[in-house]
1. Could you state the number of Å between the C-alpha centres of the stretch 160-189 and the stretch 361-384?
2. Do you know the relative contact order of the chain, to the nearest whole percent, from alpha carbon pairs under 8 angstrom that are 6+ apart?
3. Taking only protein heavy atoms and a 1.4 Å probe, what accessible area per residue, in Å², does the chain have with all protein chains in place?
4. Counting alpha carbon pairs within less than 8 Å and at least 6 residues apart, what relative contact order, in whole percent, applies to the stretch 340-476?
5. So if we plug the beta-carbon distance of Y327 and D419 into 1/(1 + (r/R0)^6) with R0 = 30 Å, what FRET efficiency do we get, rounded to 0.05?
6. How big is the charge dipole of the stretch 300-433 about its Cα centre, in debye rounded to the nearest 20, if each Lys and Arg gets +1 on its Cβ and each Asp and Glu gets -1 on its Cβ?
7. Roughly how compact is the chain, stated as its Cα Rg over 2.2 N^0.38 Å to two decimals?
8. Shape of the stretch 435-495 from its Cα gyration tensor (a ≥ b ≥ c, root eigenvalues): rounded if a/c is under 1.5, otherwise prolate when a/b > b/c, or oblate?
Amino acid sequence: MLVNYAQPSLIKPILLASSLLLYPRSTSRHPPHSLPNLLHFHCRRSSLNTFATMAEAKHAASYSPPEHHAGTWYSVPDLRLRDHRFIVPLDYSIDRSASPKISIFVREVVAVGKEEQQLPYLLYLQGGPGFECPRPTEASGWVHKACEGFRVVLMDQRGTGLSTPLTSSSMLQLDSAEKLVDYLKHFRADNIVNDAEFIRVRLVPDSGPWTILGQSYGGFCAVTYLSFAPQGLKQVLITGGIPPIRSGCTADIVYSACYEQVIRQNEKYYERFPQDAEIVREVVIHLAESEGGGVLLPSGGILTPRGLQTLGLSGLGSSAGFERLHYMFERVWDPVLVPGSRKQISHYFLKAFENWLDFDSNPLYALLHESIYCQDASSSWSAYRILAEDNGKFDAIRAAKEGRPVFFTGENVFPWMFDEIHALRKFKDAAQLLAKKKDWPPLYDIAMLKNNKVPVAAAVYYEDMYVNFKLAMETASQIGGIRLWITNEYMHSGLRDAGGRVFDHLLGMLNGNKPLF
């Protein structure tokens, strides 16, 4: 449910301070310090102090923290930053006063010397789900380019970063799987857009519209924004993030289409590093023959052949991913210091494996990933079901025994991860309930998108492993007025790798600096 907001009035509560209460003037015929006068004075003062205490208690009971708190400016090289915190409803579908509250963290970023300038606002929507905004350390990349003409707003989406983060420890406060699922259902794109609108009307002067930039899942959120709150948008930039918008759950068609690109990325990887094919096969056999079918990880989880394959999530779809993956496998084995000692996987490799996955620090990604494709339908562990139909192409043990290259998987979350990854084990029951959940609210309005009047420019990466090119083009055909920049010069990480150029190109398409044809 998307809601509209009016600029809130500023109401300051009036506090009754007991220090302002005045002693009554005595009119008694008794001397000032006689017993009757003292009793009269004591009783009157007691009653007044009791009244003050009751008033203060009543105020404390009704007091709620301010909806918006802005910090002071501070610096990193060539940038000025200011932190904001907004208190928002967890559930926008009910009366705001009845809903539990969460905090949304926003970082405002401008170029040095532009703190007081009247600049248009640009909201950045981070990829995910379940990941916080980047933390600027200097003026570089797309942030540097954007700060030439915008006041950049970096919003940690609800549940991430400093926005009431849902971590592997904080979620344990919800003491049943059912309670956790009931809480997590409020953390999808619809409510991320609600949060953005809540912030916009309180942050942007005169509640004016702003420009948004959506990367990957942030682009999915941008299309939800276009569907339900276009009045808040001046223009929209999307990089590698045009979602499938068919009704029901689109996860099956997404994974079917993406597996084709994952296979191509695997083939390119082994063409680049042919020596790795034998190394990976050896590791798979070693894991399969280890006690329990795997090797213990530093965190307490277990690395199995199918777990090893998940390295493709980070290694196959972004620039320099191939190289990073190759260098990991260079150090997969410990040296044999004593002749006859059993070969074993190095601690370096096991630690690097866990660092790549990020599930311990960002468990929300694993829990909500498939739900981003769901509208009034369940995902039913879509990636797992579709992979089972591949005729053994992704069967790691079979491939190793047959002497074939072992294929890594892509952006998938599988049910067995909640057994093998230590940080996820405690959420296994909740993950099962989320996979079965059918009553997901709509995320897109196709009729609204077809009649879209907001200027939109999108970078579509031809070889994107995460957001399928064909499905992105299908959706783009249903967004009125969208302009596309189709390129195979960049992978999904184009905004990170060449942010200034990508940002400038998209903005130029909307501002008349790039020809229409």
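The values are calculated or read from the model by the stated rules, or taken from the named source; none is laboratory data. Predicted model only: the values in this text are computed from it and were never measured. Don't worry about glycine lacking a Cβ; one is built from the backbone with ideal geometry, like all the others, and counts go over all protein chains shown. For accessibility, only protein heavy atoms count, side chains too; no ligands or nucleic acids. Shrake-Rupley method; radii C 1.70, N 1.55, O 1.52, S 1.80 Å.
1. Result: 14 Å between the Cα centres.
2. 16
3. With the other protein chains kept in place, the chain gives 47 Å² per residue.
4. Relative contact order for the stretch 340-476 comes out at 27 percent.
5. 0.55
6. Approximately 500 debye in magnitude.
7. Working it through for the chain, the quotient is 1.20.
8. Cα axes put the stretch 435-495 in the oblate bin.
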